1. For Leu118, only one of the following conditions fails: (1) open to solvent by less than 10 Å² (accessible area, probe 1.4 Å); (2) under 25 Å from Gly210 (Cβ atoms). What is its number?
2. Looking at the range 149-168 only, could you name the residues that are more than 15 Å from the chain's Cα centre (by Cα) and touching a residue at least 12 places away in the same chain (Cβ under 8 Å)?
3. Considering the range 174-208 alone, what residues qualify as being under 26 Å from Thr3 (Cβ atoms) and open to solvent by 60 Å² or more (accessible area, probe 1.4 Å)?
4. Can you tell me which condition His117 does not meet? The list is (1) over 26 Å from Ser198 (Cβ atoms); (2) touching a Leu at 6+ places or on another chain (Cβ under 6 Å), and all the others hold.
Amino acid sequence: MTTVGLIGSGNIGGTLARLAVAAGYDVVLSNSRGPETLTDLVDELGERASASTAQEAAQVGDLVVVSVPLKAYRAVPAQPLAGKIVIDTDNYYPERDGVFPELDADEITSSELLQQHLPTSRVVKVFNNIYFKALAALPRPAGAADRSALAIAGDDTAAKAEVTAFLDRIGYDVVDAGSLAEGWRYQPDTPAYGTIYSADGTDWETPVPGDAEKLRAALAAATR
């Protein structure tokens, strides 16, 4: 994989673009407001970065990151993502997204909703439980004693292997949480959400490493 497409280039998407460029990937950025609004970020990132529409980012990306509010997931272009690995960074926040009764009833997870919208894509859930400032601050080389780990969930084993390689290259270990249906284990209001990468539960501005052992324990402690 050489090109990462980003559908949504806000706090998480923009941070991922920086990490990907630093790791040697090309990135194609997009957002809902148009490529012209991403000029400053593209200039910051340099020659490996460009801005385009969501449709075009989906078409050219070998790996595509979807980082849009859940309420907008139906606007993600499905056809150009056919067969591709799609990283889903989203969370369900009713105060922002409106009410999804099926999510409130725990009948399905938010990543499974995206998978239903993208039936021929291979969705992998990751990056949704880490604050963007921690995501930017915590990458470490492979084997570093203070390397952090991120949880992934997905239904396609090969896709999870590709995402694991991507995460390793940008500076993170991986804990496989299982299928997309298990993605609830690191959604908001679970032990693995945010605080394992922060100094304490009220200070998300001070990142601290969260290793694989710490993450596994938090995932196991999740309840519904």
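The values are calculated or read from the model by the stated rules, or taken from the named source; none is laboratory data. Everything quoted here is computed from the prediction, not taken from an experiment. Counting neighbours? That spans all protein chains shown, and the Cβs are built from the backbone with ideal geometry, glycine included. Side chains included, ligands, DNA and RNA excluded: accessible areas come from the protein's heavy atoms. Shrake-Rupley method; radii C 1.70, N 1.55, O 1.52, S 1.80 Å.
1. Just one mismatch for Leu118, condition (2).
2. Asp155, Asp156, Ala158
3. Once the filter is applied, which keeps residues that are under 26 Å from Thr3 (Cβ atoms) and open to solvent by 60 Å² or more (accessible area, probe 1.4 Å), the range 174-208 yields only Asp176.
4. Of (1) over 26 Å from Ser198 (Cβ atoms); (2) touching a Leu at 6+ places or on another chain (Cβ under 6 Å), only one is false for His117: (2).
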